[in-house]
Each structure stands twice: as C-alpha cells, then as structure tokens.
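A quick write-up on the structure given underneath.
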Amino acid sequence: MALLGLRHRDDTMTPHRRQFIKGQWIEDTAERAPASNVAEIASVLVQTRPERLASVQAAIEDMAGAEIAQHDPCGKLVVVLDSSEGAAIGESLTRLSLMPYVLSATLIFHGLDTA
C-alpha cells in the first residue's frame, strides 16, 4: 500500500517522510501531474555544411521554442528546445532533422519538469 502525501492549504502535495526517503514521492507526483504542467527542455547538436550555416541558423531562429546556444564556423550548432514556448520536443527534433541543409540533429539532453 502506497503512502499518501499530506495536503497543504494551497492543495500541493508534500511527501510523507517514508516516501521521501525511498524516493517514491517523485514517481507518485509525476504520475498525478496534469499533462499541461509538464515542461520539456532538450539540447540538440545540429550539423550543417559551413556554407549553409547562415540559412540553417535563420530557419532555427524562426522555430517557436528553439534557441541557438552556441555555434562554430565549421557548421555545428547547439540548439536548446523548450516545449513551453513551442511544439513538443519530439516534433521539434523531427522538424530540425528534416530542415534543408541539416546533415544531422542529435539529441544530447532531454529533461522533464513537472512543477
């Protein structure tokens, strides 16, 4: 039988100390979180040809929820995707990889925030 957390006046859940010690409250809280409260963030390494770097940069900057964190003149870009500002991470990653002149788009990090 799973232990239930205590409710506060603002209707947020506080874990029971046994749940907290065992790490169970993280899973329980994630299961009860509404989908609209889940924010995703990811970093993606994008590779293009150096002569196409400017056009790929412009296309990425036009995507909602995409930000270029770093780039080099050899055609590598580090792109940060944020689902709270645009489409889901999976959709954005697919759009990146299918862009003209993009040779590859590799997922480096993916995280969820259920707060």
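None of the figures in this text is laboratory data; all of them are computed from the coordinates on show. Model, not experiment: these values are computed from the prediction. Cβ atoms come from the backbone with ideal geometry, glycine included; neighbour counts cover every protein chain shown.
Calculated FRET efficiency, Ser55 and Asp82, Cβ-Cβ r, R0 35 Å, to nearest 0.05?
0.95
How much length is gained on full extension from Leu45 to Thr114, taking 0.36 nm per residue of separation minus their Cα-Cα distance?
Difference between extended and current length: 22.4 nm.
For the range 37-113, with only Lys/Arg (+1) and Asp/Glu (-1) charged at the beta-carbon, what is the dipole magnitude about the Cα centre, in debye rounded to 20?
Computed about the Cα centre, the dipole is about 360 debye.
Report ³J(HN,Hα) in whole Hz for each residue of the range 83-98, in order, from the Karplus equation J = 6.51 cos²θ - 1.76 cosθ + 1.60 where θ = phi - 60°; Gly and Pro get x.
6, 6, 10, x, 6, 4, 4, x, 5, 5, 5, 5, 4, 4, 5, 8
Alpha carbons only, please: Rg and Dmax for the range 37-113, in angstrom.
Considering the range 37-113 through its Cα atoms, Rg and Dmax are 11.6, 41 Å.
How large is ³J(HN,Hα), in whole Hz, for each residue of the range 38-55 in order, when computed from phi with the Karplus curve 6.51 cos²θ - 1.76 cosθ + 1.60 and θ = phi - 60°, using x for Gly and Pro?
8, 10, 10, 9, 8, 10, 10, 8, 10, 10, 9, 6, x, 6, 9, 4, 4, 6
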